[in-house]
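Report on the following structure.
The values are calculated or read from the model by the stated rules, or taken from the named source; none is laboratory data. This is a predicted model, so every value here is computed, not measured. Note: ideal-geometry Cβ built from the backbone for every residue, glycine included; neighbour counts use all protein chains shown.
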Amino acid sequence: MKLSTIRSSVLEGFTDCIVKLGGDPNNVLKREIRDSDNVEEPLSTVPIGRFQKLLNEAALETATPHFGLYYGARYRRRNLGFMSYLFSYSDTLLGAIKRFERNFAALQTNSHYAFRICGKSVVIEYAAPGGDVAFKAQDAEFSLMLHCRFLQFSLGGKWMPQRIDFQHEQLGGTSVYAQFLQCDTRFGQGMNQVVFASKDLFVENQNADRNMLLLIERALEEARRETEGNIDPVHLVRRAIVDCILSSRMPTLDTVAQVLGVSRDTLGQVLRRNEVNFRQLQNEERIRSAKGLLREGHKSIGEISAYLQYSEISAFSRNFKKVVGLSPNQYRQRSIQENPA
């Protein structure tokens, strides 16, 4: 049986949250993070049981029974990269949830995530492996709070669910649940779940971007291969470069290292070990993204140039022609001829 794991990138911001709540993160990390975990490596995962123990220890260190809720509410979307971007750029919430369900194992293995439509309501279910519900309570509150934030990416910051169910018994007073969840909250239920109106599934996302979604789904394909055991560090760097493009940042060594949650030096070591030149990867991914955008035909050459962080259209056009052998306009026209509508 495979070990149940979660991406170590989920710990991004963990120590800051402990400090914000008045605790000392070193008291937690020195007990639970081992040298062999190597959580700063972009390839790394953490056993889900150890992640849950970290949340529990943080709750004790900060004397905050609802640490999971606080952490989930303060979590930055870019720390989960492509998974959270699904909610930002899918045309509807239904499309985002289907894609998230399909790719959930890229984030967390051997865990339950599913959604179902029950008349006028939608139910999203989540459960980590293991039978000790009390031990998993902080993880459940973190995960459902985080998922509510994902839904807000599609439906707006003021959106709240109809109901939240937790398997565990209530932790502390009710005021914190009212503050963060702002809906009916039940405890001791058979499943952790978020319940909301089914009409929300079909609300059009005003920020939907088909071009970005194509890039995201290509990156998630690579992530799924990693979960099957075919982990390639170069793929991770490529994904981080695309992540920078999606978030309108120039993919430099510094920004890519930030996306991966490692230092610039660590990223350099990974690249040297794999005999890869960063500038070559950077150029390949920008050109690959440009090809996809040109084939789609929704953006002008100038818009694509700016989107890919070129200083001038002429610089983009020269580089594209040097690599592809065709100008951007010629490539677009050939694509139209080869794939007529």
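Here are the numbers for the structure shown:
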| quantity | calculated |
| --- | --- |
| Subset tally (residues that are within 29 Å of the chain's Cα centre (by Cα) and of a type in the set (S, T, N, Q)) for segment 287-327 | 5 |
| Ala208 vs. criteria touching a Ser or Thr at 6+ places or on another chain (Cβ under 9 Å), outside any helix (DSSP H, G or I), modelled with pLDDT of 80 or more and not charged (D, E, K, R) | yes |
| Residue ID - modelled with the lowest pLDDT, chosen from residues in segment 66-91 that are surrounded by fewer than 18 Cβ atoms within 10 Å (Cβ to Cβ) and not in a helix (DSSP H, G or I) | Arg76 |
| Search result, residues across segment 105-125 that are within 21 Å of the chain's Cα centre (by Cα) and on the phi > 0 side of the Ramachandran plot | Asn110 |
| Within segment 298-323, tally of residues that are closer than 25 Å to Arg239 by Cβ and exposed (fewer than 13 other Cβ atoms within 10 Å of the Cβ) | 4 |
| Whichever residue in segment 8-49 is touching a strand residue (DSSP E or B) at 6+ places or on another chain (Cβ under 9 Å) and at pLDDT below 70 and, among such residues, is nearest to Ala137 (Cα to Cα) | Ile33 |
| Segment 173-190 - residue that is among the polar types (S, T, N, Q), part of a loop (DSSP other than H, G, I, E, B) and at negative phi and, of those, surrounded by the fewest Cβ atoms within 10 Å (Cβ to Cβ) | Thr174 |
| Residue ranges of helices (runs of 4 or more DSSP H) in segment 228-341 with at least 2 members among the hydrophobic types (A, V, I, L, M, F, W, C) and not assigned by TED's automatic domain parsing to the domain that holds Leu107 | 233-246, 253-260, 264-273, 278-296, 301-307, 313-324 |
| Pair list, Cβ < 7 Å and 6+ apart or interchain, from segment 12-27 residues that are at negative phi to residues that are in a helix (DSSP H, G or I) and among the small types (Gly, Ala, Ser) | Ile18/Ala58; Gly23/Ala58 |
| Among the candidates Leu281, Leu260, residue that is surrounded by 21 or more Cβ atoms within 10 Å (Cβ to Cβ) and either closer than 22 Å to Tyr307 by Cβ or of a type in the set (A, V, I, L, M) (or both) | Leu260 |
| Residues that are more than 16 Å from Phe115 (Cα to Cα) and either outside the structural domain of Gly131 (by TED's automatic domain parsing) or hydroxyl-bearing (Ser, Thr, Tyr) (or both), drawn from segment 151-202 | Ser154, Thr174, Ser175, Tyr177, Thr185 |
